[in-house]
Amino acid sequence: MSLPQQKRKMLGEMLIAEGLLTAEQLDHALAEQRRHGGRIGAILKGLGYVTEEGIIKTLGRQTGIPHQTLSTIIIDADVIKLVPELLARRHQAIPLYKKGETLTLAMVDPLNVVAVDDIARVTGLEIQPVVSTEQDVMRAIERQYGMSSTIEEAVKNLEPYDDRQDAQSVQMERLAEETPVVKFVATIITQAVHEGASDIHIEPDPEVLRVRHRVDGLLREITTAPKGLQGGVLSRIKIMAGMDISEKRAPQDGRIEMKVGERDIDLRVSTLPTIHGEKVVLRILDKRQSVIKLSELGFPPSMYDVVHRLVERPHGLFLVTGPTGGGKTTTLCAALNTINTMARHIVTIEDPVEYQMKIISQVQVNPKAGVTFANGLRSILRQDPDVIMVGEIRDRETATIAIQAALTGHLVLSTLHTNDAPSAVARLIDIGVEPFLIASSLLGVIAQRLVRKVCLTCQKPEELPQNVLKGLVLEASTVKPMKGVGCTGCRNTGYSGRIGIFELLTTNDALRELIVDRASASRMKAEALRAGYVPLRQAGLAKVAVGLTTLEEVYRVTQEVDGE
């Protein structure tokens, strides 16, 4: 239950062995420790003899204890409950995850055998320490245990309320302004921002109120709160978003602007009535989020060259398709960033505006003020634009105006919701656009998905079935499939971050004839394949072969597309 014997070597001796400390400095620090107490590491830092970075690197080299940054780690609520808050604060240690009978523990002083034995005795688990900075550990303790204490405080102060419709809104407004509820809402939002979540889901179940965050495209449960907090929490969010707290039977949309630390955050709020009460989803948009470059999206070199040429064209329609949250807006903004110069007038109409770009005029859709995609696009055309980006083509009116603009000397970029690139043409025809207009204006279509990347820290070589590699045009020396085994950095998932996989359909004479003839998506796909089109799954497998993602990830996001 404690550190191995070789890891009990005194920190001072290790630092001397590394040449970072002299024997005289260590004697002085030990004398200070005898007089005032405290950890020897903290005393050495306070005296200016060593830095925290020096201690961490020394521990890594001398004992094999790895360093772990905690700011991006999501810790399960059940794991936090294993170590009492008082014990975590006393020993400056926080549990990260449990695997079998082993608990990984982030510690400021991983050589503190008393702390390791204390936590091992309380949890009944074998302790695997990692070292983190004092700032990291204490922030994590405040974040994780603060959530638990906030819930407990809210429950303790919870009062029954009258559920009659005429009294409920008044009582809910009062409850929403109570300090425990305010703290609870602020905590779940702050935690989501720090963890890099894209969405917060607050979901009513029959017995509890569940909170989940979406990180790297997948939802993960963060905490549950008593059912009695549901009304106050939902009302608090509605008040912050400028929504009607008395309306519980119809969906509502709202917006919250707030600061989290030094970051300006925009939250898009959506409520939906369910059988157990209203569900709330908050989409997190970071106003300072920088626009990624087109060359950084992950296009194969040959595809990048084609896409770059297409977005440099003076007029025409260029589309990006894929599911919600698939990175379509990121791709379009990267394309705009590539062609954004003082010589071009670029205007966008979006819902919401996710990236703020210099020089470009960006318009936010506002249906209440009469600013829809169609109406906004009409107004934009009177502003003498060279390039127009339409956040999404949803209806015949928007599609028709966008295509007319593409035919009259404007480059128009937009998105559609289709499974693959060839289906985009069929979708436009279904909306009501004349095929000859599509054939005349369409430059190309990208379909894309986001897959999780293999964690660089815990990756190891992986064998692939021979049939997977069949048909991939890759040199043998570049085929190095990898798989993550799980570590603290990737929350034991084997993945860290996401990367895009893409298919590109460009129009040629044969394809234009098929469009005019209203040919099916399968016939268009067959023609595209003859012209060198590479489907999404094949594009994904190419990234599997070079170790960027895994077979499971590619099958997860492309299964419905290719039907395999």
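The values are calculated or read from the model by the stated rules, or taken from the named source; none is laboratory data. Nothing here was measured: the structure is a model prediction, and the numbers come from that model. Please note: Cβ atoms are built from the backbone with ideal geometry, for glycine as well, and neighbour counts cover all protein chains shown. The accessibility values were calculated without ligands, DNA or RNA, using every heavy atom of the protein model including side chains. Shrake-Rupley method; radii C 1.70, N 1.55, O 1.52, S 1.80 Å.
Once the 1.4 Å probe is applied to the protein heavy atoms, the chain comes out at 46 Å² accessible per residue. Apply the a/c threshold of 1.5 to the C-alpha gyration tensor of segment 321-418 and tell me whether it is rounded, prolate or oblate. Rounded, because the longest to shortest axis ratio a/c is under 1.5.
In straight-distance terms, cross-link reach from Lys99 covers every one of the aspartates and glutamates whose alpha-carbon lies under 14 Å from its own, apart from those fewer than eight places away in the same chain; here that gives Asp76, Asp78, Glu126. No disulfide-compatible partner, judged by a Cβ distance under 4.7 Å, exists for the following cysteines of the chain: Cys333.
Accessible area per residue (1.4 Å probe, heavy atoms of protein chains only) ranks Thr58, Thr22, Thr123 as Thr22, Thr123, Thr58, with the largest value leading.
Could you work out [θ]222 nm for the chain from helices alone, using -39500 (n - 2.57) per DSSP H run of at least four and dividing by all its residues? Round to the nearest 500 deg cm²/dmol. Helices in the chain give a 222 nm mean residue ellipticity of -12000 deg cm²/dmol. Shown is the FRET efficiency for Arg89 and Ser270, computed with R0 = 45 Å from the Cβ-Cβ distance and rounded to the nearest 0.05: 0.75. Which listed residue (Gly370, Pro301, Pro273) has the Cα farthest towards the positive end of the charge dipole for the chain, taking +1 on Lys and Arg C-beta and -1 on Asp and Glu C-beta about the Cα centre? Value computed over the given set: Pro301.
Candidate values [x] 26.6, 81; [y] 31.3, 99; [z] 28.0, 90 were compared with Rg and Dmax of the Cα atoms in Å computed on the shown model; the agreeing label is [z]. For segment 359-518, averaging the sequence separation of C-alpha pairs within contact (under 8 Å, six or more residues apart) and dividing by the residue count gives a relative contact order of 21 percent.
A simple charge model with +1 on the Cβ of Lys and Arg, -1 on the Cβ of Asp and Glu and nothing else charged puts the dipole of the chain at about 620 debye relative to its Cα centre. For segment 172-257, trypsin sites (Lys or Arg not before Pro) are listed when DSSP marks them as loop and at most 11 other Cβ atoms sit within 10 Å of their Cβ; the list is Arg249.
Farthest toward the positive end of the dipole of the chain, out of Ile65, Gly500, Thr341, is the Cα of Ile65, where the dipole comes from beta carbon charges about the Cα centre.
For the chain, the longest principal axis of the alpha carbon atoms and the long axis of helix 113-123 meet at an angle near 70°.
When you count the other C-beta atoms within 10 angstrom of each residue and take the mean per peptide, 133-140, 424-431 line up highest first as 424-431, 133-140. Within the same chain, aspartates and glutamates fewer than 8 places from Lys183 are excluded, and of the rest, those with a Cα less than 15 Å from its Cα are Glu142, Glu152, Glu153.
Restricting segment 485-547 to trypsin sites (Lys or Arg not before Pro) that sit in a DSSP loop and have at most 14 other Cβ atoms within 10 Å of their own Cβ leaves Arg518.
Counting only DSSP beta bridges whose two residues both lie in the chain, roughly 65 percent are antiparallel.
Normalising the average separation of contacting C-alpha pairs (under 8 angstrom, six or more residues apart) by the number of residues puts the relative contact order of the chain at 10 percent.
In the chain, the portion of solvent-accessible area held by carbon and sulfur atoms comes to 50 percent [1.4 Å probe, whole percent, DNA, RNA and ligands not counted].
Measuring between alpha carbons in the structure, the pairs from Lys328/Lys453; Lys227/Lys453; Lys328/Lys358; Lys248/Lys368 lying more than 25 angstrom apart are Lys227/Lys453.
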